[in-house]
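Novice: Right, I'll just put the structure down here and ask away after.
What follows is calculated from the coordinates using simple rules that are stated; it is not laboratory data. Note that the structure is predicted; figures quoted are calculated from it, not measured. Note: ideal-geometry Cβ built from the backbone for every residue, glycine included; neighbour counts use all protein chains shown.
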Amino acid sequence: MSSSSSNLLPPDDEIRNVILFDGICNFCNSWVDVLLQLDRDQRYRYCPLQSSKGKQLLMKMGKEQDDISTVVLLKSLKPLDVYYKSDAVLQVVDQLGMTGSLFATVATKALPLSLRDTVYDTVATNRYNLLGKRRECRCSDPKYSERFL
């Protein structure tokens, strides 16, 4: 990742289905590990919020480049189609087979967004207490390098 080209994003119209996550959070990284296993169709790519590319994407979405407060599902940059917090989680879970789709549908219909996001915010606020954090950002995984931006 030392070359300057490694910090370049693909063209805006090629950026699809990117999950931006807290790259130093062990809780967040554990979910990325689970998704890498469950997403057999390789629908999603991953990008740590703290990485150069993560910061660039945040700014392209109109967010502050150092905003690591929530997971983000960037379905597309052109046109902008983005989900945050519990909506992002449920959008991803919905694509992971029939059980995930059923869970996402029930959660979306049965639980109001305010309640879902309150639960999300509680977990997000305490994520470092749950599983700790890494010293360095997870910017890739050699086994899954093509799945990371």
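Novice: Tally Lys/Arg at +1 and Asp/Glu at -1 over every other residue whose Cβ is under 10 Å from the Cβ of GLY23; what's the total?
Specialist: Details: positive: LYS133, ARG134, ARG138; negative: ASP22, GLU136.
Surrounding charge for GLY23 is +1.
Novice: Would you order PHE21, PHE103, PHE148 from fewest to most other beta-carbon atoms within 10 Å of each residue's own beta-carbon?
Specialist: Working: PHE21 26, PHE103 15, PHE148 19.
Exposure proxy ranking, most exposed first: PHE103, PHE148, PHE21.
Novice: Same structure, new question: In debye, nearest 20, what is the charge dipole magnitude of segment 49-126 about its Cα centre with +1 on Lys and Arg Cβ and -1 on Asp and Glu Cβ, if you could check? Display every interim value, and only then the final one.
Specialist: Working: 9 positive and 8 negative charges, 50 e Å.
Dipole about the Cα centre, nearest 20: 240 debye.
Novice: SER69: net charge of surrounding residues, Cβ under 15 Å, Lys/Arg +1, Asp/Glu -1, itself excluded?
Specialist: Residues near SER69 contribute -2 overall.
Novice: Looking only at SER69, SER51, SER114, which one moves most when the chain is put into a Gaussian network model with springs between Cα atoms under 10 Å?
Specialist: It is SER114.
Novice: Could you sort out which of LYS109/LYS133; LYS60/LYS143; LYS75/LYS133 sit more than 31 Å apart by Cα distance in this structure?
Specialist: The pairs that break the limit, which is 31 Å between Cα atoms, are LYS109/LYS133.
Novice: Could you point to the residue in ILE15, SER30, VAL123 farthest towards the positive end of the chain's charge dipole, with +1 and -1 charges on the Cβ of Lys/Arg and Asp/Glu respectively?
Specialist: Farthest towards the positive end: SER30.
Novice: If you take the square roots of the eigenvalues of the alpha-carbon gyration tensor of segment 81-149 and sort them as a ≥ b ≥ c, do you get rounded (a/c under 1.5), prolate (a/b over b/c) or oblate?
Specialist: Oblate.
Novice: If you don't mind, another one. Where in the chain are the DSSP H helices whose C-alpha atoms run 24 Å or more along the long axis and whose mean Kyte hydropathy is at least -0.5? Before the final figure, lay out each step's value.
Specialist: Details: long enough: none.
Taking the DSSP H segments of the chain (at least 24 Å long, mean hydropathy at least -0.5), we get none.
Novice: Have a look at LYS133, LYS53, LYS63 and tell me which one the Gaussian network model of the chain (Cα, springs below 10 Å) gives the largest fluctuation.
Specialist: Checking each option, the largest mean-square fluctuation is seen for LYS63.
Novice: Please work out which option in (i) 48, 34, 31; (ii) 44, 41, 25; (iii) 84, 35, 25 gives Cα extents along the principal axes in Å calculated from these coordinates, and answer with its label.
Specialist: From the options (i) 48, 34, 31; (ii) 44, 41, 25; (iii) 84, 35, 25, the structure gives (i).
Novice: OK, next. At 7 Å along the Cα-to-beta-carbon direction for both VAL123 and ALA107, put a label point, then send me their distance in nm to one decimal.
Specialist: Inter-label distance under the simple model: 0.6 nm.
Novice: Taking the Cα centre of the chain as origin, work out the dipole magnitude from +1 charges on Lys and Arg Cβ and -1 charges on Asp and Glu Cβ, in debye rounded to 20.
Specialist: Dipole magnitude for the chain comes out near 180 debye.
Novice: Follow-up question, since we're still on this one. Could you put LYS143, LYS75 in order, starting from the residue whose Cβ has the fewest other Cβ atoms within 10 Å?
Specialist: LYS143, LYS75
Novice: Tell me the net charge near TYR120. Cut-off is 11 Å between Cβ atoms, TYR120 excluded, with +1 for each Lys or Arg and -1 for each Asp or Glu. Don't skip to the answer; put the middle values down first.
Specialist: Numbers: positive: LYS85, ARG116, ARG127; negative: ASP87, ASP117, ASP121.
Result for the local shell: 0.
Novice: For the chain, set up a Gaussian network in which alpha carbons nearer than 10 Å are linked by springs, and say which option among THR70, THR105, THR122 fluctuates the most.
Specialist: THR122
Novice: Still on this structure, I have one more. When CYS28, CYS137 are ordered from fewest to most other Cβ atoms inside 10 Å of their Cβ, what list results?
Specialist: Working: CYS28 25, CYS137 16.
By the 10 Å Cβ count, ascending, the order reads CYS137, CYS28.
Novice: Could you tell me which of LEU58, LEU113, TYR44 has its Cα farthest along the dipole of segment 12-130 towards the positive end, charges placed at Cβ (Lys, Arg +1; Asp, Glu -1), taken about the Cα centre?
Specialist: Toward the positive end, the furthest listed residue is TYR44.
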